Amino acid sequence: MDFDDVYIRLRKGNALLFGSDSPCLCGLMSALKASSRRTVVLWALEGAKFPARALREYFGEDDRFAGAVEMGRMWAEGRVKMPAARRAILGVHAAARETSDPAAVALCRAVGQACSAVHSPRHAPGLAIYELTALVRMRPRGWEREVEDKLGQYSELLDRAAEEASAPRSWAHFLS
């Protein structure tokens, strides 16, 4: 797998180590673009659960992260309006400013971007971009295999989200 751009960003000291144009993300980005909006929303919200759980290591039992994911799901289902979901998402971004740990910051941003996919599917790639950055930050050596595994998990999750998106469920009017 091609990680040349990641190595370059690491050497430069960039905060973000992946981008939507990263060669290792090309397959995922193409699959997300080809997917329905509902599929992308479900993929992002389900994918946000891992970084939300991982943030317990940095913030303890802080419920902002799981709460934002749940609020995003309720927004997608039309059970809450955007202002309530936005407050929860902004709380996650505020948590990113409360820490100086680059992995924790990236995990916060991953959750925030994933939850924002309900608003616009353009936010969904942020889940992968930030979560993969966090994986590298947490494991400065030997991260390549873990990133490859995570990319495989994203692909499997997208397949499951596509199945779930076609099943009957309640959707907000803007996703109907």
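Residue pairs whose Cβ atoms lie under 6 Å apart, sitting 6 or more positions apart in sequence or on different chains, and linking a residue in segment 17-42 that is more than 14 Å from GLU131 (Cβ to Cβ) to a partner that is surrounded by fewer than 19 Cβ atoms within 10 Å (Cβ to Cβ), are PRO23/ASP2; MET29/SER20; ARG38/LEU175; THR39/ALA162; LEU42/GLU164. Scanning segment 146-159 for residues that are open to solvent by 50 Å² or more (accessible area, probe 1.4 Å), more than 14 Å from LEU32 (Cβ to Cβ) and touching a residue at least 24 places away in the same chain (Cβ under 8 Å) yields one hit, GLU148. I want to confirm something. Restricting to segment 120-139 and keeping residues that are touching a Pro at 6+ places or on another chain (Cβ under 8 Å) and open to solvent by 10 Å² or more (accessible area, probe 1.4 Å), which single residue is farthest from GLY67 (Cα to Cα)? Out of the qualifying residues, it is ARG137.
For every residue, the table says whether it meets (1) modelled with pLDDT of 95 or more; (2) under 19 Å from MET74 (Cα atoms).
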position	(1), (2)
SER116	yes, yes
HIS119	yes, yes
GLU131	yes, no
ARG139	no, no
TYR154	yes, no
LEU158	yes, no
ALA162	yes, yes
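Every residue, every condition in (1) closer than 22 Å to GLY112 by Cβ; (2) among the basic types (Lys, Arg), yes or no:
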| site | (1), (2) |
| --- | --- |
| PHE3 | no, no |
| ARG11 | no, yes |
| LEU16 | yes, no |
| PRO23 | no, no |
| SER35 | yes, no |
| THR39 | yes, no |
| GLU46 | yes, no |
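Just to be sure I understand, how many residues within segment 16-25 are open to solvent by 50 Å² or more (accessible area, probe 1.4 Å) and more than 13 Å from GLY126 (Cβ to Cβ)?
Of all residues in segment 16-25, those open to solvent by 50 Å² or more (accessible area, probe 1.4 Å) come to 16, 20-21, 23.
With more than 13 Å from GLY126 (Cβ to Cβ) added as a condition, the list becomes 21, 23.
Residues flagged as open to solvent by 50 Å² or more (accessible area, probe 1.4 Å) and more than 13 Å from GLY126 (Cβ to Cβ) within segment 16-25 amount to 2.
Of the numbered criteria (1) touching a Phe, Trp or Tyr at 6+ places or on another chain (Cβ under 7 Å); (2) over 23 Å from ASP5 (Cβ atoms), the one MET74 fails is (1).
For segment 87-119, filtered to residues that are assigned to a loop (DSSP other than H, G, I, E, B) and over 13 Å from the mean Cα position of the chain (by Cα), the residue that is surrounded by the most Cβ atoms within 10 Å (Cβ to Cβ) is HIS119.
The values are calculated or read from the model by the stated rules, or taken from the named source; none is laboratory data. Remember, it's a predicted structure, so these values are computed and weren't measured experimentally. Heads up, the Cβs are rebuilt from the backbone with ideal geometry, glycines too, and the neighbour counts pull from every protein chain shown. Note: accessible area is taken over every heavy atom of the protein model, side chains too, but ligands, DNA and RNA are not part of it. Shrake-Rupley method; radii C 1.70, N 1.55, O 1.52, S 1.80 Å.
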